[in-house]
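**Q** The following block contains the structure, expressed as structure tokens.
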Amino acid sequence: MKLFVIQPFLSHYYPVFGLAHTYAGHGEKVIFTATAPLIKTVQDEGFECKEFEYLSEYIIKNYKSFLGLFLKSLISKTYYLERKDEFENAFRRTQELIKEYKPTHVYIDQSMSEYYFFFRPFVPNITIVHTKVYSGKTRGIPPMTSSFIPRTGILSKMKISYLWFKELFKQRFREMILKIAFLGKDETFLWKEHCKKYGMDWKKQVDLKHSLNRGIKSVENLILLPNELEFPTFKLPKHVHFFEKVSSKNESAYYTSDYLDLKREYLLGTNFKVIYMAFGTLAQGPKVTNFFNSVISIVEELSGTILIISKGNHTMELKNADNVFTFDYLPQQDVLSHTNLFITHGGLGSVKEAFHHNVPMLVVPMNKFIDQNGNAARVKANGLGDSLDIDKYSETEVKEKIKMLLPNPEFQTAI
């Protein structure tokens, strides 16, 4: 039985469904854990789902939150005991999960890889799954948060070394701040105590050389990504493998009558060039609205071209144009099968789907602190499209890049 323990965000579940469907297709029983709001999403994919309360993550964003935690740790006699109880309750919930389902193989989201130490004494096979690009420090490859494209030569190597030093220094600094805030008894302290109790060596098994999160040494890692989307210079580390099947998700609810009418009129058997623009859950705020309106102004002047926008359920004041069609949600894979250019925020799921459908991309990273910059760099490095900086673009630059990519045989050939 395969048990998937995934970070409770939609963007983490969708990439894993393709892997889970593969196992289910081979007759394996598959179970997911999820928080209450995500259970229906998992069930809609045809999988059994167990409601699960995850261990809290403490993040210090500013000096006020640091001071609050520090004073609470200093003054309260019970605060550490409350946190310890929470940790032990999380372990008990994991034991109950193991007892109920008796998994033979557990797949743990890399962003919560420490759960390895909850499962390791009781489950023989554990794999860390990467819903983003590989996060570990790899020779000649920058951190996944970086927009830098690696090249040959000493200057590129020096730049990558500096980027990794900066990335890992920030992580160690954040960990130090948490340790001070909790008077030395932070989450790492609790994990170390747990490892001692169950005969595991935290220091020897934890890999600190990862972007954003810690890794686990000498454990199988599965990257849910076609290897063609990695940098050409990427060399697969030991214990790391690719799973290349495109993620699947149930999009039947998005085949609305309005979309089907649009499809019949503009997407089937016509000569229209189709630009599709979607920024996922990040499509909100004045910055996004201004960018969307810039694209609308450009496409409005392009004859024989339509723009299809998926904006989510966010309120946006967008311009009206005869060749622009706006929806809250769309069946993205179906739209991409008829698309000539995809303008995306660079979430890895969207990048993989565009790659699968041979669609050139214009990547506009919205969250520059996770993987979107790195995804944009990989798109450019592999000749699959181009990118823009949402904070520095000009309408002229956007127009030039759209015209270059729409359609360009060079990019179609690369894809």
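The values are calculated or read from the model by the stated rules, or taken from the named source; none is laboratory data. None of these values were measured; they are calculated from a predicted model. We place every Cβ from the backbone using ideal geometry, glycine too, and count neighbours over all the protein chains shown.
**Q** Tell me whether the stretch 148-159 contains one or more residues that are part of a loop (DSSP other than H, G, I, E, B), assigned by TED's automatic domain parsing to the domain that holds G215, at negative phi and aliphatic (A, V, I, L, M).
**A** Step one: of the stretch 148-159, the residues part of a loop (DSSP other than H, G, I, E, B) are 148-153.
Checking the rest, the ones that are also assigned by TED's automatic domain parsing to the domain that holds G215 come to none.
No, the stretch 148-159 contains no residue that is part of a loop (DSSP other than H, G, I, E, B), assigned by TED's automatic domain parsing to the domain that holds G215, at negative phi and aliphatic (A, V, I, L, M).
**Q** Then there's this: Return only the number of the condition from (1) under 23 Å from S11 (Cβ atoms); (2) in contact with a His (Cβ under 8 Å, 6 or more places away or on another chain); (3) buried (at least 19 other Cβ atoms within 10 Å of the Cβ) that Y276 does not satisfy.
**A** Y276 satisfies all of (1) under 23 Å from S11 (Cβ atoms); (2) in contact with a His (Cβ under 8 Å, 6 or more places away or on another chain); (3) buried (at least 19 other Cβ atoms within 10 Å of the Cβ) except (2).
**Q** Just for the stretch 310-336: of the residues that are among the charged types (D, E, K, R) and buried (at least 16 other Cβ atoms within 10 Å of the Cβ), which one is modelled with the highest pLDDT?
**A** So in the stretch 310-336, the residues among the charged types (D, E, K, R) come out as 311, 317, 319, 322, 328, 334.
After this cut, where a residue has to be buried (at least 16 other Cβ atoms within 10 Å of the Cβ) as well, the list is 311, 334.
Details: K311: 91, D334: 95.
Filtering the stretch 310-336 for residues that are among the charged types (D, E, K, R) and buried (at least 16 other Cβ atoms within 10 Å of the Cβ), the one modelled with the highest pLDDT comes out as D334.
**Q** Can you give me the number of residues within the stretch 3-37 that are assigned to a strand (DSSP E or B) and surrounded by fewer than 21 Cβ atoms within 10 Å (Cβ to Cβ)? Give the derivation first.
**A** Start the filter on the stretch 3-37 by keeping residues that are assigned to a strand (DSSP E or B), which leaves 3-5, 30-34.
From the residues that got through so far, the ones that are surrounded by fewer than 21 Cβ atoms within 10 Å (Cβ to Cβ) too are 31.
Looking only at that region, the number is 1.
**Q** What are the pairs, 6+ residues apart or on separate chains, where a residue within the stretch 389-403 that is more than 20 Å from N375 (Cα to Cα) and surrounded by 13 or more Cβ atoms within 10 Å (Cβ to Cβ) has its Cβ under 8 Å from a residue that is of a type in the set (S, T, Y) and modelled with pLDDT of 95 or more?
**A** Within 8 Å, the pairs are E395/S294; E395/S297.
**Q** May I pose another question? Just checking, which of G347, G385, G374 is buried (at least 22 other Cβ atoms within 10 Å of the Cβ), assigned by TED's automatic domain parsing to the domain that holds L267 and modelled with pLDDT under 95? Show your work before the answer.
**A** Details: G385 fails: modelled with pLDDT under 95; G374 fails: modelled with pLDDT under 95.
Just a single option satisfies the conditions, and that option is G347.
**Q** Tally the residues that are part of a loop (DSSP other than H, G, I, E, B), among the polar types (S, T, N, Q) and more than 29 Å from F32 (Cβ to Cβ), restricting the search to the stretch 47-97. So that I can check it myself, show each step before the final result.
**A** As a first pass, look at the stretch 47-97 and keep what is part of a loop (DSSP other than H, G, I, E, B): 47, 52-62, 76-78.
Next cut, among the polar types (S, T, N, Q) only: 56, 62, 76, 78.
Next, from what is left, pick out any that are more than 29 Å from F32 (Cβ to Cβ): 62, 76, 78.
Count: 3.
**Q** Then there's this: From the set of residues in the stretch 102-154 that are of a type in the set (K, R) and surrounded by fewer than 18 Cβ atoms within 10 Å (Cβ to Cβ), which is farthest from the chain's Cα centre (by Cα)? Before the answer, list the steps.
**A** If we filter the stretch 102-154 for residues that are of a type in the set (K, R), which is where we start, we get 102, 120, 132, 137, 139, 151.
Pick out the ones that are also surrounded by fewer than 18 Cβ atoms within 10 Å (Cβ to Cβ) and you get 102, 139, 151.
Values: K102: 29, R139: 22, R151: 25 Å.
Selected residue: K102.
**Q** Going by the structure shown, is L168 surrounded by fewer than 21 Cβ atoms within 10 Å (Cβ to Cβ), modelled with pLDDT of 95 or more, of a type in the set (A, V, I, L, M) and under 25 Å from the mean Cα position of the chain (by Cα)? Give the steps one after another, and end with the answer.
**A** Values: surrounded by fewer than 21 Cβ atoms within 10 Å (Cβ to Cβ): yes; modelled with pLDDT of 95 or more: yes; of a type in the set (A, V, I, L, M): yes; under 25 Å from the mean Cα position of the chain (by Cα): yes.
It is true that L168 is surrounded by fewer than 21 Cβ atoms within 10 Å (Cβ to Cβ), modelled with pLDDT of 95 or more, of a type in the set (A, V, I, L, M) and under 25 Å from the mean Cα position of the chain (by Cα).
**Q** Further, regarding this structure: Out of the strands (runs of 3 or more DSSP E) lying entirely within the stretch 274-369, which hold 3 or more residues that are out of contact with any Ser or Thr (no Cβ under 7 Å at 6 or more places or on another chain)? Show your work before the answer.
**A** Working: elements: 305-310, 324-327, 341-344, 361-363.
Qualifying strands (runs of 3 or more DSSP E): 305-310, 324-327, 341-344.
**Q** I would also like to ask the following. Could you list, ordered by first residue, the pairs with Cβ atoms under 8 Å in which the first is in the stretch 76-93 and closer than 22 Å to R120 by Cα and the second is of a type in the set (S, T, N, Q), at least 6 apart or interchain?
**A** Listed by first residue and then by second, the contacts come to E86/S56.
For (1) surrounded by 15 or more Cβ atoms within 10 Å (Cβ to Cβ); (2) closer than 17 Å to I59 by Cβ; (3) without any contact (Cβ under 8 Å) to a residue 40 or more places away in the chain, each residue gets a yes or a no:
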| site | (1), (2), (3) |
| --- | --- |
| L178 | yes, yes, no |
| A181 | yes, yes, no |
| L190 | yes, yes, no |
| C195 | yes, no, no |
| Y198 | no, no, no |
| D201 | no, no, yes |
| K204 | no, no, yes |
| L208 | no, no, no |
| G215 | yes, no, no |
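**Q** Quick check on the stretch 226-249. Is at least one of its residues outside the structural domain of P331 (by TED's automatic domain parsing), touching a residue at least 24 places away in the same chain (Cβ under 8 Å), touching a strand residue (DSSP E or B) at 6+ places or on another chain (Cβ under 9 Å) and within 20 Å of Q332 (Cα to Cα)?
**A** Looking through the stretch 226-249, at least one residue is outside the structural domain of P331 (by TED's automatic domain parsing), touching a residue at least 24 places away in the same chain (Cβ under 8 Å), touching a strand residue (DSSP E or B) at 6+ places or on another chain (Cβ under 9 Å) and within 20 Å of Q332 (Cα to Cα).
**Q** Give me the pairs: first residue in the stretch 250-267 and small (G, A, S), second residue modelled with pLDDT of 95 or more, beta-carbon distance under 7 Å, and six or more apart or on different chains, which are they?
**A** Close Cβ pairs (under 7 Å, with a partner that is modelled with pLDDT of 95 or more) do not exist here.
Each row is one residue, and each column tells you yes or no for (1) closer than 23 Å to S297 by Cβ; (2) under 19 Å from the mean Cα position of the chain (by Cα).
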residue: V246; (1), (2): no, yes
residue: Y255; (1), (2): no, no
residue: T270; (1), (2): no, no
residue: G280; (1), (2): yes, yes
residue: P286; (1), (2): yes, no
